[in-house]
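First up is the structure itself, then whatever we jot down about it.
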Amino acid sequence: MTFVTRLTLQSGDRAALDGTVDDLKATAARKGAALKGPHSRPPRTLRVPQHCRLHADDERTFSSWDYTVFTRDLEIHGHDEFARTLASRSFPDSVHVEVEIEQIHGMGRGRN
């Protein structure tokens, strides 16, 4: 059985995100692990309204706060120990990381 580990990295700081992705790619190259990606998604611009007061009956607002979120996706096929090491390492506070693991069954094998 093979495991596919998907890492999704998101940040509002593009330089920190790209630096983290470059570090992951260099580590994979040193360890001999096959790394697919990074695959870039289109950046998302988010808008957050800012109220002048916390009272529910006060409708006054400041201008909204706009920010951009950049996303990169990586995949590791097999290399379970390497994937476990990457998933448990510490990342910069400005980079949000999600890890998804999928078990792939070979052809002709039933699921247990």
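Every number in this text was worked out from the coordinates using simple rules, so none of it is lab data. Predicted model only: the values in this text are computed from it and were never measured. Positions of Cβ are backbone-derived with ideal geometry, glycine not excepted, and every protein chain shown enters the neighbour counts.
Listed here are the residues, each with its yes/no results for (1) touching a residue at least 24 places away in the same chain (Cβ under 8 Å); (2) part of a loop (DSSP other than H, G, I, E, B); (3) surrounded by 11 or more Cβ atoms within 10 Å (Cβ to Cβ); (4) polar (S, T, N, Q).
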{"position": "Leu9", "(1), (2), (3), (4)": "yes, no, yes, no"}
{"position": "Asp23", "(1), (2), (3), (4)": "no, no, yes, no"}
{"position": "Ala28", "(1), (2), (3), (4)": "yes, no, yes, no"}
{"position": "His39", "(1), (2), (3), (4)": "yes, no, yes, no"}
{"position": "Leu54", "(1), (2), (3), (4)": "no, yes, no, no"}
{"position": "Phe62", "(1), (2), (3), (4)": "no, no, no, no"}
{"position": "Trp65", "(1), (2), (3), (4)": "no, no, no, no"}
{"position": "Thr68", "(1), (2), (3), (4)": "yes, no, yes, yes"}
{"position": "Arg72", "(1), (2), (3), (4)": "yes, no, yes, no"}
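Return the pairs, sorted by first residue and then second, in which the second residue is among the aromatic types (Phe, Trp, Tyr) and not in a loop (DSSP other than H, G, I, E, B), the first residue lies in the stretch 78-97 and is in contact (Cβ under 8 Å) with a residue 24 or more places away in the chain, the beta carbons are less than 8 Å apart, and the residues are 6+ apart or on different chains.
That search, which allows pairs on different chains as well, returns Gly78/Phe3; Asp80/Phe3; Ala83/Phe3.
Name the residues in the stretch 11-21 that are surrounded by fewer than 16 Cβ atoms within 10 Å (Cβ to Cβ) and closer than 15 Å to Ser90 by Cα, would you?
Hit for the stretch 11-21 is Gly19, nothing else.
Of the conditions (1) under 23 Å from Thr2 (Cβ atoms); (2) loosely packed, with under 10 Cβ neighbours inside 10 Å, Leu35 fails just one. Which one is it?
Of the numbered conditions (1) under 23 Å from Thr2 (Cβ atoms); (2) loosely packed, with under 10 Cβ neighbours inside 10 Å, the odd one out for Leu35 is (2).
Can you name the condition, by its number, that Val48 falls short on among (1) among the aliphatic types (A, V, I, L, M); (2) exposed (fewer than 11 other Cβ atoms within 10 Å of the Cβ); (3) part of a loop (DSSP other than H, G, I, E, B)?
Condition not satisfied by Val48: (3).
List the number of the failed condition for Arg84; all other conditions in (1) among the charged types (D, E, K, R); (2) part of a strand (DSSP E or B); (3) more than 13 Å from the chain's Cα centre (by Cα) hold.
Every condition holds for Arg84 apart from (2).
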